[in-house]
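To start, the structure itself, in structure tokens.
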Amino acid sequence: MFSDYSLAELGSIFVMQGFAGLILFSVFVLMALGLAIIFGQMGVINMAHGEFMILGAYVTYFTSQFFLNYLPGLFGAYFFLAMILAFFAAGALGMAVEWLMIRRLYKRPLDTLLATWGLSLILQQLYRTVFGPREVGVELPEWMMGSLPVTDMVEVQINGLFVMGLTIAITIAVALLMYKSSWGKQVRAVVQNRVMAGAVGINTEKVDRYTFGLGCGIAGVAGSAFTMIGSTGPTSGQLYIVDTFLVVVFGGAQSLLGTIASAFTISQAQSTMEFFLSGSMAKVLTLLGVVIILMLRPQGLFVIKVRR
Amino acid sequence: MSSKNDQSNKFSSTRRKLLMGIAALPAVPLLASTGLLSTPAFAQAPATSEVNTTGLAVTDTEVTVGILHSVTGTMAISETGSVQAEKLAIDQINAMGGVLGRKIKFIQEDGASDWPTFAEKAKKLLVNDKVAAIMGCWTSASRKAVLPVVEQYNGMLYYPTFYEGLEQSKNVIYTGQEATQQILAGLDWVAKTKEGKTFYLIGSDYIWPRTSMKIARKHIEGHLKDSSVVGEEYFPLGHTQFNSVINKIKLKKPDVIYAAVVGGSNVAFYKQLKAAGIDLSKQTLLTISVTEDEIDGIGGENIAGAYSSMKYFQSLDNPNNKEFVAAFKKMWGEKTVIGDVTQAAYLGPWLWKMTVEKAGSFDIDKVAAASPGIEFNKAPEGYVKIHDNHHLWSKARIGLAQPDGQFKVVFETPDLIEPDPFPKGYQ
């Protein structure tokens, strides 16, 4: 298939294809980070993850509308405020859900699957009733659209760069929080041994609530960022949930590093195969690969030892 | 939406009948004694026993139809417009005096974006409610689920969506375009005016895009001069990452991108095309899956410059359409937009009313037999007519997407196109 093209064309296509893979990688990491915290650290199978993301997307939409109507001069900067609001809105909803529902289910992790699936249906219908069934279009500031021409052929998407930057920032922040702060130490202690953590004076309930809120908040930021590349509607969250679980489970649920490695593997495989094969076929082969590897390594790519 | 339901509930049939019964009681002996009983109480309406011989839900004052669309679940985004259009049409028909002197009352059921639910609700409407017609379904999958039910229980379905063809039923009137009506004229136009020789086909992975692309490919390779397909791609429903295929498109440099991507993928596709620096004012893109409804979610600024091949656009400049758009906005709000399927859904109740009046009966068999040849002059898309094969004669139009989310009509076929659900040489 390459015989018709010049070397320069091929070179630039490979560069762009590599970049497409990196964007997909950032998107996967951003999607999965929140779930990696909730599922990986707390063992809660949160099927409503996508709906928390869409809450972030709706917050972004309303922020953009507010700026358009009242502060048009500052429209170029609204996205940053929107992401912060999305974090707190999704985080607050997450903490409320934890308090109402999840905390009663820590000893029955499989039941969280059903409970959060029900929650996702409720949230979808709530969005549909409150925001209407039609998708909304989130208007982006001018500087975030289009691409930077590097050479004649190679063009770099600005929103791709933005997602990459955001992913790196959030990943570093989460890593610092988890591994360098005393709060992170408490979270890890609770994960590894809930009873002992309680015995040494850690308020496990509070840690749980904030951890769940943090995971949901990050989902909200991800949803906010994805208004740039995807749709915003009551059921849009469903588009992300399968890929998100795929990344987290494949990476090994308890490991943040595993999540990142798995996002990298899957995104590169997916985007390369999409280039050479058709879209549906690429997806089939990716899933097949993941299934085979999980058969050989049921714990996922990276495992840390946890006493249950 | 709830306010509309409330209004229809006001015509609660039992209460009305009761009131009328009370009012009529003293009159009967009086009329009988004066020999006036032979003149029915409703002079213009023929007796129920004449117009309804099969036990449908028809009374002296009312006739019941069903509305069956998804108002919950993933398809609610698309089907909401159809529900709104059907309710508007029913409202307008009632304001004009109804059908055969009877007001239309509707029972609305929710298909919930789930195909077995559609079948179940269709059965409920036909068997329990005995509706005289169903306005409903949207996706091909829901229609395929409902089809055996309406055939078994002998109902009448008015189906609004443009679809892949290869179907025809006594019990269904297809008010949208079948594939050849939507595809062929558009391809001819783009080949002629844009001198498109190479085509890149891209769609979501299910029956409608695949069948449509098959027809498109046959037409490009067999009927257009020196034209070829340089790529054909399908993506799973809900796919949100199109960067790889966009790179492929950049490499192949097709004259025309021909797209049938649907749902959430649609939004992602156009946003990413724009982000990747593909300028739709230079790169010709023709789609068969974007109406004003979809642009709401995609954002006008992301798709401006693309061409869409439909039979109706909200911006159509004719008196019928101006009236329709004004009435629609009055009922559903200034901000609502009207897409191709919404308009086709609006035709359903009107075509049914005219067919019933031509047949002089609500009986399904008589309505089915009377359907071919029904003409509707007041359609927003212009004059339409039902063909013997129960599809509509209609025009094809090309619209150019504008940043404000509307289309500018740049082409329309001079004549109505004959529906051909089983096109020879395209299968």
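General remarks:
- Antiparallel %, DSSP beta bridges [both residues in chain B], to 5: 30
- Here the relative contact order of chain B, from alpha carbon pairs under 8 Å that lie six or more residues apart, stands at 17 percent.
- Within 10 Å of the Cβ of each residue in B:224-233, the mean number of Cβ atoms contributed by other protein chains is 1.
- Counted charge near A:ALA96, where neighbours are those whose Cβ lies closer than 12 Å (Asp, Glu -1; Lys, Arg +1): +1
- Unsatisfied cross-links (Cα-Cα over 24 Å) in the set B:LYS353/B:LYS408; B:LYS121/B:LYS170; B:LYS87/B:LYS329; B:LYS366/B:LYS395: B:LYS353/B:LYS408; B:LYS366/B:LYS395
- With a 10 Å cut-off around each Cβ of B:101-113, the average count of Cβ atoms from other chains is 0.
- Over 16 Å [Cα-Cα, the range A:205-291], rounded percent: 65
- Across all directions, the average flat footprint of the convex hull enclosing the Cα atoms of chain B is 20.7 nm².
- Computed [θ] at 222 nm, deg cm²/dmol, the protein assembly as shown (DSSP H ≥ 4; -39,500 (n - 2.57); rounded to nearest 500): -17500 deg cm²/dmol
- Amide H within-cut-off set for B:LYS103, under 5 Å, with H built and near neighbours excluded: B:GLU62, B:VAL63
- For B:THR117, the shell of other residues with beta-carbons less than 12 Å away shows a net charge of -1, using +1 for Lys and Arg and -1 for Asp and Glu.
- Mean separation of Cα contacts under 8 Å, 6 or more apart, over the residue count of chain A: relative contact order %: 34
- Relative exposure of A:ASP208, B:ASP205, judged by other C-beta atoms within 10 Å (fewest first): B:ASP205, A:ASP208
- Size of charge dipole - the protein assembly as shown - debye, nearest 20, with Cβ of Lys, Arg +1 and Asp, Glu -1, no other charges: 2080
- Amide H contacts under 5 Å for B:TRP138, placed H, 5+ residues apart: B:ARG143
- Under the Debye formula (equal points on every Cα, no solvent term), log10 I(q)/I(0) of the range A:30-236 at q = 0.08, 0.09, 0.12, 0.13 Å⁻¹: -0.31, -0.39, -0.66, -0.75
- For the range B:377-427 and the range A:32-60, distance of Cα centres in Å: 45
- Measuring how big the protein assembly as shown is from its alpha-carbon positions, Rg and Dmax come out at 28.6, 102 Å.
- Residues A:ARG188, B:ARG210 arranged by fewest to most Cβ contacts within 10 Å: B:ARG210, A:ARG188
- Rounded D (µm²/s) - the range B:276-427, Kirkwood Rh over Cα pairs, Stokes-Einstein at 20 °C, 1.002 mPa s: 126
- Placed amide H near B:PHE411: partners under 5 Å, 5+ positions off or other chain: B:ILE398
- Take each residue in B:244-254, count the other chain C-beta atoms within 10 Å of its C-beta, and the mean is 6.
- If you model the range A:1-126 as an ellipsoid using its alpha carbon gyration tensor, with each semi-axis the square root of five times an eigenvalue, the axes come out at 36, 25, 12 Å, biggest first.
- Karplus-derived 3J(HN,Hα), 6.51/-1.76/1.60, for each residue of the range B:208-217, Hz, glycine and proline x: 5, x, 5, 5, 4, 5, 4, 5, 4, 4
- Sites A:TRP143 and B:ASP60, calculated FRET efficiency, Cβ-Cβ separation with R0 60 Å, nearest 0.05: 0.35
Values in this text are rule-based calculations from the coordinates and carry no lab data. None of these values were measured; they are calculated from a predicted model. When we count neighbours, we look across all protein chains shown, and the Cβ atoms used for this are built from the backbone with ideal geometry, even at glycine.
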